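The values are calculated or read from the model by the stated rules, or taken from the named source; none is laboratory data. Please read all numbers here as calculations on a predicted model, not as lab measurements. Note that we place each Cβ from the backbone using ideal geometry, even for glycine, and neighbour counts take in every protein chain shown. Just so you know, the surface numbers come from the protein's heavy atoms only, side chains and all, with ligands and any DNA or RNA stripped out. Shrake-Rupley method; radii C 1.70, N 1.55, O 1.52, S 1.80 Å.
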Amino acid sequence: MISRMTKYDFVLLAAQSEDFIERLRELGLVDITTTGWEPSESDRQLLLDIEGTGKAIEFLKGWKPEEGLMADPKPCATGQEAYACYAAAQREAAAARTELARLEKLAAELRPWGEFDAESLDKLASQGVVLHWFTAVKSVFEASQQMWSQQYTLSEIDSDDSAVRFVVVAAPGEEISLDAQEMKAPATDIRGVETQMAAEQARLTALNADFSSAVASLPLLERYNAELRERLQSVRVTATAAEAADGVLRVMEGWAEAETAARVDALLEEYPNVVYIKSDPTPEDDTPVQLKNGWYARIFEMIGDLYARPKYGSLDLTPFFAPFYMLFFGICLNDAGYGLVLLLMGLWLLWKNPQPGMMRRAAWFATLCAGATILFGGFCGSFFGLNLKDYFPGVPFYDFQNNFFSVALAIGVVQILFGMAINIYVISRSFGFKYSLGLLGWFIILLAGSVAGGLPMLNQAWVIPWFTTSSPAFYAALGVGAVLLLLLNTPGRNPLLNVGSGLWTLYNNITGLLSDVLSYIRLFAIGLSGGVLAVVFNSLADGFVPDGAGIAVRILVMLPILLVGHGINLFMSTISSFVHPMRLTFVEFYKNAGFEMATRSFDPIRKMD
């Protein structure tokens, strides 16, 4: 659910603003509105420093020096000094790596020519002996070598499967015409380049001392990064605060959760020379949103946050889409064996992340989705592509391939109806029941059609005798829905206008419903494709086993193919099972549930860790 917010308007002396912000930061409960903030040049540098120190921390946490190097490095005096040391070392290391890459490319070109003395070549040239360097296709060289040797003095230096490198001795100014590519005379040989490469490598090694000092100063660097982020908080608040009384006063807008508002009030009461107005949010306010859910729904907040948080005053849909998402994930992956692998990974992540946080939520998310996959895969009798019905013929496993197509559409109708029911409730709660009558009429029409016409398509045993497509009750339900949709869709408006608007809405609803329901076919398609690939890899592994092979040979032949094949299939199917249920949630369910996104999340200014 969405936590209830309290709005504050603060008026205080401009000279007190920095101290007031610091007191609010220590409290850590108030979100100050900074909408419309545009960074200045100094602010942009502050943003760059925050980004740079963050990257430095991430790099240094994973950096390890060579064994035996800088066993006891000396830390820097301050976090700012540590960042400057890191930045300088990183720039020099980047330059050294660039130069090293250039030298390695040059070495690859020079290595075939071997070792030679560049000064001797210059002496020969001064005495009228000039060397020309050539590269030719091997087949061309072999075919033309004898003819070329008759015209020029040449010597083969190096060859491989595709090319031959050779030199031609000529007099100064002599024209040489060969079916070969003439190379620029090397200024040095491979020894000189290798010497330069060794120098650059030594330069990189020497920088390890600076990186080691930065690593030893990591706590100071983290504190410096936190100070920069706190400074950014103050900059944004100060820059967006309104000035009054010729700059003597500052006016700020703040937000706090209603359940912690008493602690904010206590601070404001004891703080001198501050006037505040406390009120409830209005629909016109840009109210920040804070979600407050139980353990289960909180796990799926990470999915909802990938799209947006709900607008304040609307309904948090996380608890409502979470069970559907789990079900859809299990349907898409649809293999108990794959679910077991994910379950082990989820349990391992839970063990590795015992403290509350994003990673532990992700671990629980993986564990719950794995459980849904195991249950649905077991229900369908699929285990690493094996059909369990072949091994347990007495168990009535569900025939996914032949029966689930229509069920996927039915699941889509159920979720769409559920979303519409939520939308009716939200509209009634926010504006009054009469404003939901048009949507209620469409809901009744769709529900009546689904019960009377949809249930018999799924199973003839589910037919309701008194509610079929030819029964009076069905037509009565359609009539009630039509009246609400066509005549009462907008309270207080001319009925003729309502009829026109209702007909247009009905047309849009019918065409939109068709595309919405058909989108749920992806549940069947993805589940089927993953299962087919699993069967294919099993057949492929079995096909490589020689006839009459023993169990040891079968294991040696089949195991690598199965591990690689099922590994690829598990990776691809898991991504699809993650993405497509999310798409159904954000497009089909959110649309029919009337989801409205918030422009900002609740982010109180606080001391940074």
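Kindly state, to the nearest 0.05, the FRET efficiency for Leu540 paired with Leu514, given R0 = 35 Å and r defined as their beta-carbon distance. Working from the Cβ atoms, E equals 0.35.
Note: the range 148-277, Cα convex hull, 387 Å³ per residue.
Count Lys and Arg as plus one, Asp and Glu as minus one, and take only other residues whose Cβ is under 10 Å from that of Thr238; the net charge is then +1.
Percent of Cα pairs in the range 564-605 per distance bin of 5 Å, from zero to the largest separation: 5, 18, 13, 13, 14, 12, 11, 8, 5, 1. As a fraction of the 1.4 Å probe accessible area of the chain, surface on carbon and sulfur atoms comes out at 61 percent. Under the criterion of Cα pairs below 8 Å and six or more residues apart, the relative contact order for the chain equals 21 percent. Ordered from longest to shortest, the equivalent ellipsoid semi-axes for the range 478-531 are 37, 10, 7 Å, each the square root of 5 times a Cα gyration tensor eigenvalue. Backbone N atoms of the range 578-609 closer than 17 Å to the 7 Å Cα→Cβ label point of Gln355 belong to residues 607-609. If the chain linking Asp265 and Ile568 were pulled fully straight, counting 0.36 nm for each residue of separation and taking away their Cα-Cα distance, it would gain 103.4 nm. Dividing the radius of gyration of the alpha carbons in the range 234-391 by their Kirkwood radius gives 1.21 for Rg/Rh.
Rank these by accessible area, largest first, 1.4 Å probe: Asp316, Asp158, Asp117.
If we order Asp316, Asp158, Asp117 from most to least accessible, we get Asp117, Asp158, Asp316.
In the calculated pair-distance distribution of the range 179-225, the portion above 17 angstrom amounts to 63 percent of the Cα-Cα pairs.
FRET efficiency for Trp466 and Ala242, Cβ-Cβ distance as r, R0 = 51 Å, nearest 0.05?
So the FRET efficiency works out to roughly 0.15.
Each 10 Å bin from zero holds the following percent of Cα-Cα pairs in the chain: 3, 10, 13, 14, 16, 15, 12, 8, 5, 2, 1, 0. Checking the cross-link pairs Lys352/Lys591; Lys7/Lys352; Lys55/Lys607; Lys389/Lys591; Lys55/Lys184 against a 31 Å limit on the alpha carbon distance flags Lys352/Lys591; Lys7/Lys352; Lys389/Lys591; Lys55/Lys184 as lying beyond it. For the range 72-179, the gyration tensor built on C-alpha atoms gives a prolate shape. Its axis ratio a/c (a ≥ b ≥ c) is at least 1.5, and a/b is the larger of a/b and b/c.
What you get for the chain, charging only the Cβ of Lys and Arg (+1) and of Asp and Glu (-1), is a dipole of about 2820 debye around the Cα centre.
Accessible surface computed residue by residue for the range 322-479, with neighbouring protein chains in place and a 1.4 Å probe, gives 51 Å² per residue. Quarter the surface of the alpha carbon convex hull of the range 217-311 and you get the mean projected area, 10.3 square nanometres.
Both radii come from the Cα set of the range 318-433: Rg as radius of gyration, Rh as Kirkwood radius; their ratio Rg/Rh reads 1.11.
Extension gain, Glu156 to Gln181: 0.36 nm times the residue separation minus the Cα-Cα distance gives 7.6 nm.
The 3J(HN,Hα) values that the Karplus relation (6.51, -1.76, 1.60; θ = phi - 60°) gives for the range 10-22 are, in residue order, 9, 10, 8, 5, 4, 5, 8, 4, 4, 5, 5, 4, 5 Hz. Gly and Pro appear as x. In this label model, Ala199 and Gln401 are separated by 6.9 nm, measuring between points 7 Å along each Cα→Cβ vector.
Dividing the convex hull volume of the alpha-carbon atoms in the range 457-559 by its residue count gives 179 Å³ per residue.
If each residue of separation counts as 0.36 nm, what is the full-extension length gain between Thr188 and Val414 once their alpha-carbon separation is subtracted? It would help to have the intermediate numbers written out before the result.
Values: separation 226, 0.36 × 226 = 81.36 nm, distance 7.68 nm.
Gain on extension, Thr188 to Val414, equals 73.7 nm.
Sorting Lys7, Lys105, Lys184 by accessible area puts them as Lys184, Lys105, Lys7; the probe is 1.4 Å, largest comes first, and only protein heavy atoms count. Using a probe of 1.4 angstrom and keeping all protein chains present, the accessible surface of the range 54-202 works out to 64 square angstrom per residue. Applying the Kirkwood pairwise sum to the alpha-carbon positions of the range 428-474 produces a hydrodynamic radius of 12.0 angstrom. For the range 209-241, the residues whose amide N sits under 20 Å from a probe point set 7 Å from the Cα of Leu48 along the beta carbon direction are 224-233, 235-236. Residues in the range 239-255 carry Karplus couplings, in order, of 5, 9, 5, 7, 9, 9, 6, 6, x, 6, 10, 10, 10, 10, 10, x, 9 Hz; the curve used is 6.51 cos²θ - 1.76 cosθ + 1.60 with θ = phi - 60°, and Gly or Pro positions show x. Taking a ≥ b ≥ c as the square roots of the eigenvalues of the Cα gyration tensor, an a/c ratio of 1.5 or more together with a/b no larger than b/c marks the range 389-487 as oblate.
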